[in-house]
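Q: Here it is, the structure, as structure tokens.
No value in this document is a laboratory result; all are computed from the given coordinates. This one's a predicted model, so the numbers in the text were calculated from it and none came from an experiment. Reconstructed Cβ throughout: ideal geometry from the backbone, glycine too, with neighbour counts over all protein chains shown.
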Amino acid sequence: MTDTSALLEELIRRAGGGAIPPLPPNAPGLTSGGMDPWQTSVEKRLDSLDGRVQRLEADVSTIKVDMGVVKERVSHLPTKEYLVKVAGGMLALIATLVTFGEKLQSLVR
């Protein structure tokens, strides 16, 4: 017998021979319907989780739609490059008007 098999046999012996652990005593208020109380409570928890997952799926689909709307609206916004070009052009126009303002006024009169 090897050390591994001896260790495995010892673990099985300590675990009660591999038998299924006993069920807890019946909790008040639980109706088994052919199932033990643990199965009933697990079924209730699974049903609750199923409902929560369905609500989360609906929320996620709403978020996806909202993100699509945001992406579409953001795609129409001006870029930094465009804003810098426009601001630079406006500054150049103002500088030109300030520099040549008197000459332009004399031409208009």
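Q: Which value in nm describes the separation of the simple spin-label points at residue 93 and residue 6, placed 7 Å from the Cα toward the beta carbon?
A: 9.4
Q: On alpha-carbon atoms, Rg over Rh for region 40-109 using Kirkwood Rh?
A: A ratio of 1.66.
Q: Now a separate question. Rounded if a/c is under 1.5, else prolate if a/b is larger than b/c, else oblate: which is region 37-77, with a ≥ b ≥ c the root eigenvalues of its Cα gyration tensor?
A: prolate
Q: Roughly speaking, what is the stretch gain from residue 86 to residue 54, that is 0.36 nm per residue apart minus the C-alpha to C-alpha distance, in nm to one decimal?
A: Answer, rounded to one decimal: 6.6 nm.
Q: Given a Förster distance of 30 Å, report the FRET efficiency between residue 100 and residue 79 from their Cβ-Cβ distance, rounded to the nearest 0.05.
A: Approximately 0.45, to the nearest 0.05.
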